[in-house]
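Reading through the structure tokens given below for one structure.
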Amino acid sequence: MYKEKISGNQVFWLISTMQIGMTILLTINPSIAVAKQDAWISILLSSMFSVGLAYVLTRISIMYPNESLISYAPKIMGKFLGHVIILIYVLYWFTVLGIILRQYGDFMIGTILQLTPVIIPIIGMLIVAAYVTYAGIEVLARCSEVLGPLILLGIMVPLLLNISQIQLDNLQPIIMDNTFSVLLKGALPTASFLGDNILLMMILPFVADPRKGVRGALLGSVVAGLFTLLSAMQCIAIFGYSTASRQTYPFLNLVRFISFGFLQNLDAIVVAIWIMGIFIKVSLYLFAASYGTAQWLGVKRWRSFIFIASPIAIILSMLPRNFVDSSILFPKLVAVPFNLPVVFILLPLLLWIVAMIRNRQNKGV
């Protein structure tokens, strides 16, 4: 049993706030570049995938209550294959943690800290995340409860203030000049980010009420997908797909586009909101990497691994040379061709199917 406990409501805030910020920031542009005015349909497909993944992960959690991936993978797949799967996820946690930090650093120096070395915002974010992670999953969950409403509000307000600027003609024609394969290709970038709810493997064992945890996980995935969908639709409806596809951060430009009485120049506020979301995401990945590795190696004092995982994350974050490496090449060469099909689809489905077969066999004995 896990001594620390979180509520289903906290699971909702953890998942929704972790996914929303960077997904809206980094995936709207590549989706529009591929699917054009139908990018919102691609993002809808990504959102459905995210909810489906959350469903699979909660089913496994129900079959193995109070157990994380580290403990149930060997039981389901056998010791050898189970530990191979664990190794894949440990490498995934560390790699993505480093990439998230670098994407955050690139965003900061590209928008408000142009003359600052990229390692400075990276170290600053990691120090804060390590402090909260050291305090435990309960403290991190409470942080998400406080910051979560602010993050959702920071995205909702710009969407509402820009309603008068919407031109529905920019969303047409619908599907007429895109095949399903194109829509599916446009869904891949967003799906590779919304698949972050794979961290439910490490979060759900801490939920006091498993049923509420399932509800929170599914609802959090729905809200993250819905906000991304609405943001993409508004970017296309206001700028048109041609202009939006040439913008690195379409939603940031959408915020800068606001002119509603005295409400102008709100991009600094939105940047602060995004930093909060990235903070939750970095903290969750740092927790998964530290706690998961310690549990895998049988080390009870898991917090000591934070001091090992943090320097590794900094080193990994400095491997990409620039924004192109971290936010374009990594998704294109690693996230979409490997993380999405293997880490988010193949392995969870394999664990779920084999777990159901084993449970039926055990009930039949």
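Here are some notes:
- Region 188-329 - charge dipole about Cα centre, Lys and Arg +1 at Cβ, Asp and Glu -1, debye rounded to 20: 340 debye
- Share of carbon and sulfur in the accessible heavy-atom surface of the chain [1.4 Å probe, %]: 69 percent
- Region 41-88-region 200-224 distance, computed between alpha-carbon centres (Å): 13 Å
- With R₀ fixed at 45 Å, the C-beta to C-beta distance from Y131 to Q165 puts the FRET efficiency at about 0.65.
- Here the relative contact order of region 26-148, from alpha carbon pairs under 8 Å that lie six or more residues apart, stands at 9 percent.
- In degrees, nearest ten, helix 8-35 long axis to first principal axis of the chain (Cα): 50 degrees
- In Å, descending, principal axis extents of the Cα set of region 189-294: 48, 26, 22
- Contact order normalised by residue count of the chain, Cα under 8 Å, 6+ apart, percent: 40 percent
- Remark: region 222-236, residue by residue, has Karplus-estimated 3J(HN,Hα) of 5, 5, 4, x, 5, 5, 5, 4, 5, 5, 5, 4, 6, 4, 5 Hz, where x stands for each Gly or Pro and the curve is 6.51 cos²θ - 1.76 cosθ + 1.60 at θ = phi - 60°.
- Within the shell of other residues whose beta carbon sits under 12 angstrom from the beta carbon of D106, the net charge comes to +1, with Lys and Arg scored +1 and Asp and Glu -1.
- Helix-only mean residue ellipticity at 222 nm for the chain, each DSSP H run of n ≥ 4 adding -39500 (n - 2.57), per residue, nearest 500: -24000 deg cm²/dmol
- Neighbourhood charge, 14 Å Cβ-Cβ cut-off, centred on P74 and excluding it, Lys, Arg +1 and Asp, Glu -1: +2
- Magnitude of the charge dipole, the chain, Cβ model with Lys/Arg +1 and Asp/Glu -1, debye to 20: 1100 debye
- Between N359 and D209, the modelled labels are 2.1 nm apart [label points 7 Å from Cα along Cα→Cβ].
- Accessible surface of T95 - all protein chains present, 1.4 Å probe, nearest 10 Å²: 60 Å²
- Computed with a 1.4 Å probe over protein heavy atoms only, the accessible area of L346 comes to about 100 Å².
- Exceeding the 20 Å Cα-Cα cut-off - candidates K79/K281; K212/K281; K185/K332; K36/K332; K5/K300: K79/K281; K212/K281
- In the chain, the inverse of the mean reciprocal separation of distinct Cα atoms equals 20.8 Å; this is its Kirkwood hydrodynamic radius.
- When the Cα convex hull of region 103-202 is projected onto planes of every orientation, the mean area is 10.2 nm².
The values are calculated or read from the model by the stated rules, or taken from the named source; none is laboratory data. Values in this document were obtained by computation on a predicted structure and should not be read as measured data. Note that we place each Cβ from the backbone using ideal geometry, even for glycine, and neighbour counts take in every protein chain shown. The protein model used for the area step is the full one, side chains on, heavy atoms only, and it has no ligands, DNA or RNA in it. Shrake-Rupley method; radii C 1.70, N 1.55, O 1.52, S 1.80 Å.
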